[in-house]
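Everything below concerns the one structure shown next.
The values are calculated or read from the model by the stated rules, or taken from the named source; none is laboratory data. The structure displayed is predicted, hence computed values, not measured ones. Ideal geometry is used to build each Cβ from the backbone, glycine not excepted, and the neighbour counts take in all protein chains shown.
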Amino acid sequence: MSLFRQLWLTVVVSVFVSFIGSFVSSMVTAKTYLEEQLLTQSTDNASSLALSMSHETLDQATIELMVSALFDNGHFRTIRFTNTKGQVVVEKNNPTAPDKVPEWFVSMFPILTTPATAQVSSGWMQAGTVTVIPHTRFAYQALWQGSIKLFLWIMLTGCVTGLLGSLVIRKIRQPVDKMVEQANGISEYKFVTINEPRTPELKSLVKAMNAMVSRVKNMLNEQATRIQQLRNEVSQDALTGLLNKNHFENLVENALKDDESPDTGAVFLLRLFDLASINKQIGRQKTDELIRAVGQQIQGILTNSDGLEVHAGKLAGADFGFLLPGERMTSASVLADQIMSSLETLHQQGIAPLANIGHIAITTYTQQQAASQIWVRLETLLVEAQNQGANLVRKDHIETTETEQRYDWVNEIKSALSTQHFTTVSFPVVRINGQLAHNELMLRLKDSKTGQLIPAGTFIPDASRAGLIPDLDLETIRLGIEIVESNNQAVAINLASESIMKASFVDELARLLSNSPKAANNLWLEVATQGYQSELDALTLLSRKVRPLGTKLGIEHFGRHFNSIPMLHEIGLDYLKIDNTFIRQIDLHAGNQNLVKAICSIAQSVGIEVYAERVETKAEWKTLSDIGLDGLTGPVVNLTN
């Protein structure tokens, strides 16, 4: 029985006991008072009758007349006159029962009457005795009416007491309920503080709970800050703030191998001219200032390059790399020209000693190309640019012409959506011990002419520009539900951040899951976010919609954008998948190991599972197992199976 029910039971029992005690006590007191009043009344009337009779001639007619005169007022049950010999001369009796008084009440509270007697004299001689016994019907009626009034009063008092008790209990219950919500929130890794109540006992408890929550939140925020620092250490160049060589090269490898990435893109390489000679001329410190200034100029250009996804990194020596997934030569050339123009101002400012700042080589790529081929092409182009003059941008001549007509993917996608001409392929995601956790579904478009399955990275850029991504995500959800219902295996589906930010998409998603509860319980939904607050808010709302249905929710490519780390415990996630840029060759990079270990620590401390993306070697698998990850996916899983 709950505490508040016990309090209510205590209040009810107390009121009931008080009512019984008060009622019985009042009834006994009133009964005693009425008995005394009846005795007084009968004594006075007996004495009055005896006195009146003592002044009269005591013949039969007179006695009867005087007795009847007193008896007729109805207050007496018996009036009797006996002579000196004890013989009854006149006797009047009234056996009428009390009016409108229940018999059980009469039996429960009997009013005892005592006969009153008075002597009648004739001169100096005793003539007889008058006996008067009062009638109790009026007393019972008065007692019954008094009991009703007392009952109503006590009931009113009980109701008022109950109401006041209810208000008091409700007031006490409010902070208790909030503490229960707070405790439940802690169990769900949601940390909220509540206002302190005025009740001293509850105030101290709430204060202790709030202090604990604050400490946990501070601890998580400190861990998040530490992870951000570790990420910067393993992914950023300390001098320029751009990506470092290892992280940039991992991004290039991902762009060439990831089915979700655009199947084409551009890469260009910036090389500062004759940096070794500049270092000897102006010294190490001035050279570092030059490199730092170049990095700042690059960041300034990229900040204003709205709509372009650009990854810039500081490579070895005098080299800077740029990756533009999904972009063609035109946009890459425009960006390269902007960067070169910006760098030329460094000589005018006196930061660069030479007017010839450097050279840029640009090439395009398609997926499944080897990264080494791209770097060789860029090196060749750089040599050509250096031989041709100062501050030149050299483009790869194998780039297709911009006037070449592009395939009409938008109409192809719309047609495939209307005819349900999409399908999926799956890739296993396993626990760290090798057991299957779920299959990750990837959308494929069946070519209407050849029947070939086209990867999503080929048509996703056009679909994004046409606003068709939410439709594609819903199509993937529909296909995923069919797969789960047919084989009862858990599947993971990737959702775009632009989809979850549309209320209509979330409502339709919730409807599909509600209509298929079995499938909903076996779906893992994962979103790749850039860490913007609007995305995190949308992810939180999505969590509140789908997790009660049994659907798991996670973040994929975790680590590319770290703004979401402080909110991990507030979003309501079940898992996250760490981006391959931190996983590739992790067995050889202690910095990445420390970063992944820190992510595991903070995520698993709030009940979030951690998986690694695109694990390629058994050495990486073993390192991840030693770190404590929950699972992984990638080529090594397919090779093992």
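Quick notes
- For the stretch 540-560, filtered to residues that are crowded, with 19+ Cβ neighbours inside 10 Å and in a loop (DSSP other than H, G, I, E, B), the residue that is farthest from the chain's Cα centre (by Cα) is ARG560.
- Test: residue in the stretch 95-117 that is in the same structural domain as ARG80 (by TED's automatic domain parsing), under 19 Å from HIS55 (Cβ atoms) and at pLDDT 85 or above: yes
- Hits in the stretch 126-150 (condition: surrounded by fewer than 14 Cβ atoms within 10 Å (Cβ to Cβ) and either within 25 Å of SER68 (Cβ to Cβ) or among the aromatic types (Phe, Trp, Tyr) (or both)): GLN126
- Within the stretch 367-392, the residues that satisfy the criterion of being under 53 Å from the mean Cα position of the chain (by Cα), at pLDDT 90 or above and polar (S, T, N, Q) are SER372, GLN373.
- Counting only residues that are touching a Ser or Thr at 6+ places or on another chain (Cβ under 8 Å) and of a type in the set (Val, Ile, Thr), the stretch 269-291 holds 2 of them.
- Residue list for the stretch 582-641, restricted to those being modelled with pLDDT under 90 and of a type in the set (S, T, N, Q): SER601, GLN604, SER605, ASN638, THR640, ASN641
- Contacts under 8 angstrom Cβ, first residue in the stretch 374-394 being closer than 13 Å to ASN356 by Cβ, partner of a type in the set (Asp, Glu) and not in a strand (DSSP E or B), 6 or more apart: ASN391/GLU344
- Residue match in the stretch 64-83 (condition: touching a Phe, Trp or Tyr at 6+ places or on another chain (Cβ under 8 Å) and free of Cβ contacts under 8 Å to residues at least 24 places away in the same chain): no
- Residue among LEU220, LEU290 that is within 26 Å of LEU335 (Cα to Cα), in a helix (DSSP H, G or I), touching a helix residue (DSSP H, G or I) at 6+ places or on another chain (Cβ under 8 Å) and of a type outside the set (Val, Ile, Thr): LEU290
- Among residues of the stretch 213-230, those that are more than 30 Å from ASN195 (Cβ to Cβ), surrounded by fewer than 19 Cβ atoms within 10 Å (Cβ to Cβ) and not charged (D, E, K, R), counted: 2
- Flag for SER22 being in a helix (DSSP H, G or I), in contact (Cβ under 8 Å) with a residue 40 or more places away in the chain and small (Gly, Ala, Ser): yes
- Condition check for LEU256: within 29 Å of GLY317 (Cβ to Cβ) and outside the structural domain of PHE322 (by TED's automatic domain parsing): no
- Search result, residues across the stretch 115-135 that are closer than 19 Å to LYS31 by Cα and out of contact with any Ser or Thr (no Cβ under 6 Å at 6 or more places or on another chain): HIS135
- Selection from the stretch 257-296 of residues that are within 30 Å of GLN367 (Cα to Cα) and not hydrophobic (A, V, I, L, M, F, W, C): LYS257, ASP258, ASP259, GLU260, SER261, PRO262, ASP263, THR264, GLY265, ARG271, GLY295
- The stretch 335-357, residues that are surrounded by 15 or more Cβ atoms within 10 Å (Cβ to Cβ), of a type in the set (Gly, Ala, Ser) and in a loop (DSSP other than H, G, I, E, B): ALA352
- Of all the criteria given as (1) in a loop (DSSP other than H, G, I, E, B); (2) assigned by TED's automatic domain parsing to the domain that holds LEU275, the one not satisfied by GLY451 is (2).
- Per-region count, the stretch 294-328, residues more than 22 Å from ALA355 (Cα to Cα), crowded, with 21+ Cβ neighbours inside 10 Å and touching an Asp or Glu at 6+ places or on another chain (Cβ under 8 Å): 4
- For the stretch 320-334, the tally of residues that are of a type in the set (A, V, I, L, M) and not in a helix (DSSP H, G or I) stands at 2.
- Single residue of the stretch 576-614 satisfying the filter (part of a loop (DSSP other than H, G, I, E, B) and of a type in the set (Asp, Glu)) that is farthest from GLU222 (Cα to Cα): GLU613
- Within the stretch 597-641, being closer than 17 Å to THR581 by Cα, among the polar types (S, T, N, Q) and surrounded by fewer than 21 Cβ atoms within 10 Å (Cβ to Cβ) holds for one residue alone: THR617.
Residues checked against (1) surrounded by 15 or more Cβ atoms within 10 Å (Cβ to Cβ); (2) more than 30 Å from GLY158 (Cβ to Cβ); (3) outside the structural domain of ALA118 (by TED's automatic domain parsing); (4) not acidic (Asp, Glu):
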site	(1), (2), (3), (4)
VAL28	no, no, no, yes
ASP44	no, yes, no, no
SER48	no, yes, no, yes
SER54	yes, yes, no, yes
ALA69	no, yes, no, yes
THR84	no, yes, no, yes
